[in-house]
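Below is one structure, written out as structure tokens, with a few remarks after it.
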Amino acid sequence: MYGPEAGLEGCRHLLLAASGPVERQRLKGALCAAGYRVTAVASPCQGERLARTFSFDAVVLSAGLAGFLSGSSAWFEPSQTVWVEAPEAGVSSNGEPGRRQQRLIDRVARVLRGHPLEGASVPRIVMGSASYDLMESHLVIDGSRRPLSPVQTFTLRRLALAGGRVVPRDRLRPSLYVGRGVDVTIARLRRLVEADTQQPRYIHSIHGCGYRLASDLRLPGQR
């Protein structure tokens, strides 16, 4: 089982359609590890039934389904659709995406930026010289982009969405990451945003509980 299956506060919900069970599982794992909530189906018929009942932020379709989709059954909105090429279906042995998988995650993020959440603005959090848009997979530090891994993106997004509240350690990692993965991820994030990692100003450890994020929150258009 991968990622935040119970849902993530403020997370975007993707509908994934892929006919092959292995491809479907791997794609779902990569997208969940990037912080998305994913509902996966095996056929266009299943996808169409769900899309008529539930609201999804984007649809991810396997290229192998192209021949099964006719104009009359185009139940997806083209501008909210990401097509998957076959080599993008897997993740590496350590759970991290390769370059092709990261390009898929980046394409999903671009589609979602074009379709913001209704009635809400996607905020940007500011930590000194670093800023993070909740729909991105990178930090901006002194004007330069610094890419984040899927698990770093997941952790930082979940901390940001907590609005300054403490987040338990077991909610700061996708379920495929085990052991002391949370501590390693937090340490790497601190190296990116903290001037002094021994006395962190933004990512606080709460003994026996978890972590909390202290940052400025700005809406789009604010500087």
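A crude spin-label estimate for the pair T197 and R99, with each label 7 Å from Cα along the Cβ direction, gives 2.7 nm.
Give me P(r) over the range 124-218, computed from all C-alpha to C-alpha distances, binned every 5 Å, as integer percentages. Going from the shortest bin to the longest, the percentages are 2, 14, 27, 29, 19, 7, 1, 0.
Listed by Cβ neighbour count within 10 Å, with the fewest neighbours leading, T185, T197 appear as T197, T185. Each peptide among 156-168, 26-38 gets the average number of other Cβ atoms lying within 10 Å of its residues, and from highest to lowest they stand as 26-38, 156-168.
Bear in mind these aren't lab numbers, they're just calculated from the coordinates by the rules spelled out. Not measured: the values here are computed from a predicted model. No Cβ is skipped: glycine too gets one built from the backbone with ideal geometry, and neighbour counts run over all protein chains shown.
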